[in-house]
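All of the numbers you see were taken from the coordinates with simple rules; none came from a lab. Because the structure is a prediction, the values reported are computed rather than measured. Cβ sites come from the backbone with ideal geometry, for glycine too, and all protein chains shown count toward neighbours.
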Amino acid sequence: MTDVETRRAIDAVWRLEAARIIAGVAGLVRDVGLAEELAQDALVAALEQWPESGVPDNPGAWLMAVARRRAVDRIRRERNYAGKLAEIGHRMEEVEDAAFDAVLEDRIEDDVLRLIFTACHPVLPTPARVALTLRMLGGLTTEEIARAFLVPEPTVAQRIVRAKKTLAEAEVPFEVPEGPERAERLSSVLEVLYLIFNEGYAATSGDAWVRTDLALEALRLGRLLAGLAPGEPEVHGLVALMEIQASRSRARTAPDGTPVPLLEQNRGRWDRLLIDRGLAALLRARDLGGTPGPYVLQAAIAACHARAASAEETDWGLISKLYDLLARRLPTPVVELNRAVAVGYARGPEAGLEIVDALASEKSMADYHLLPSVRGDLLARLGRTAEARAELERAASLTRNAAERAALEKKAADLG
């Protein structure tokens, strides 16, 4: 294996295993900031050693072992290392006899959930909770998180640094809380999973349009969370949304990797098992009663698309009404932009364009590529070709995803 191939393998392993390694080490050191630092040390060791020794048979276990050893070394250097080392040693004895792969399978899933709830502690402001968890569990770069939040990259970097420091100073316990405290943190946890899934579903940067590893990790954590909080409708709503969205994965890209719009997808390639699971989760959310929350409403919108045998059979009237409800529950510019698409199909492109143009003054949307993309589509349907082409070209210039840029440029060129 060449050095380039080894580096690619390391990158792939890190994307898949980072959250589990950080969570597993955090279970020992009880400090999420330190756990991430130790996991990064293990990654550096892999970059140094694997090009010479080769990628091990169980790379995740190798990284975990190195990170754990670094944790012990770090504690030895602390002034009060004796007590901490004894505690760490006791914990390690409990798992040393088991193979590391068994440890990863049996323990890390729970540790990942503990890590999410720890990072979403009320001692942190909500933006910091989400940014920190995305960084540690989603493996997102600071730039990717900034794009997800529509805020400057330095702002996200500061949030992450301050969040780690605050958690350490407050000595936040590494645990899944119970009762009212769990409910208090649940909304932030759901937001984290939602953003991780969205980054996997439509990557904000890079060459690939879809990052399956992130989407599947968010879905896996969502299913675990649904088992942990079975009486929470919004948890089931988010799982339903992710299941249905994930069902389209095979149809969302062409053979050359370019994105395929929803209404042009081959619905025969949609995964019916995931759709059925999503509809079942949505039914569980509805059976729990109460006013539908944002995730339940978004899942209901996704279900409308899933139930339509073809694009022409899509019930845009119902989708438009659901977006009206969603906009009242979650009045954000992005929701309003999505509502414009639905209204554009339900009541005509002029009505959709009116909503889009009202968003032009929103500061957070100034560099958001989907705004000119949606506007370009609506203008094209109105026959305003030159304006549509200009909007699509602007959208292409704003996106940082290569596959999406190519698709937007082609769409603009096809207008002539």
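Its Cα centre serving as origin, region 120-172 has a Cβ charge dipole (Lys and Arg +1, Asp and Glu -1) of approximately 60 debye. Toward the positive end of the charge dipole of region 20-60, with +1 on the Cβ of Lys and Arg and -1 on the Cβ of Asp and Glu, the farthest Cα among Gly27, Pro56, Ala42 is that of Gly27. Calculated FRET efficiency, Gln49 to Arg220, Cβ-Cβ distance, R0 = 25 Å: about 0.30 to the nearest 0.05.
Inter-part distance, region 49-78 to region 146-202, computed on C-alpha centroids, equals 27 Å.
Take the Cα of Asp213, step 7 Å toward its Cβ, do the same at Glu354, and the gap between the two points is 4.7 nm.
Near the amide H of Thr253, within less than 5 Å, lie the amide hydrogens of Val260, all on another chain or at least 5 residues away, with H placed in the peptide plane.
Distance from the alpha carbon centroid of region 110-126 to that of region 341-391 works out to 38 angstrom.
At an R0 of 41 angstrom, the distance between the Cβ atoms of Asn266 and Gln40 translates into a FRET efficiency of 0.50. Considering only Ala360, Ala306, Ala163, the Gaussian network model of the chain with Cα springs below 10 Å gives its largest mean-square fluctuation to Ala360. Look at the dipole of the chain built from charges on Cβ: of Pro177, Ala119, Thr332, the Cα furthest out on the positive end belongs to Thr332. Axis angle, to the nearest 10 degrees, between helix 316-329 and the longest C-alpha principal axis of the chain: 50 degrees. Counting only alpha carbon atoms, the long axis of helix 108-119 and the longest principal axis of the chain meet at about 70°.
Computed over the chain, the per-residue total of -39500 (n - 2.57) for DSSP H runs of n ≥ 4 gives a 222 nm mean residue ellipticity of -23500 deg cm²/dmol, rounded to 500. Of the residues Tyr368, Ala342, Ala395, the one whose Cα sits farthest toward the positive end of the charge dipole of the chain, with +1 on the Cβ of Lys and Arg and -1 on the Cβ of Asp and Glu, is Ala342. The calculated FRET efficiency for the pair Ala366 and Arg69, based on their C-beta separation and a Förster distance of 35 Å, comes to about 0.15. A Cβ-based charge dipole, computed about the Cα centre of region 334-416 with Lys and Arg at +1 and Asp and Glu at -1, lands at about 160 debye. Across region 399-411, coupling constants 3J(HN,Hα) worked out from phi with the 6.51/-1.76/1.60 Karplus curve, θ = phi - 60°, read 6, 10, 9, 4, 5, 5, 4, 4, 5, 5, 5, 5, 4 Hz, and Gly and Pro carry x. Label point of Asp110 set 7 angstrom out along Cα-Cβ; within region 218-258, amide nitrogens under 14 Å from it belong to 228.
The phi torsions of region 171-176, fed into the Karplus equation with coefficients 6.51, -1.76 and 1.60 and a -60° offset, translate into couplings of 6, 5, x, 8, 7, 8 Hz, rounded to whole numbers, with Gly and Pro shown as x. Dipole magnitude for the chain: computed about the Cα centre from +1 point charges on Lys and Arg Cβ and -1 point charges on Asp and Glu Cβ, it is near 760 debye. Computed from backbone phi, the HN-Hα couplings of region 296-308 come to 5, 5, 5, 5, 5, 5, 4, 5, 4, 5, 5, 7, 6 Hz, rounded to whole numbers (Karplus: 6.51 cos²θ - 1.76 cosθ + 1.60, θ = phi - 60°; Gly and Pro given as x). Classified by the C-alpha gyration tensor, region 334-416 has an oblate form. Its axis ratio a/c, with a ≥ b ≥ c, is 1.5 or above, and a/b does not exceed b/c.
Other residues lying with their Cβ under 11 Å from the Cβ of Arg400 contribute a combined charge of -3, Lys and Arg counting +1, Asp and Glu -1. For Lys321, no lysines have a Cα falling under 19 Å of its own Cα, not counting residues fewer than eight places away in the same chain.
Normalised by the number of residues in the chain, the mean separation of alpha-carbon contacts (under 8 Å, six or more apart) gives a relative contact order of 11 percent.
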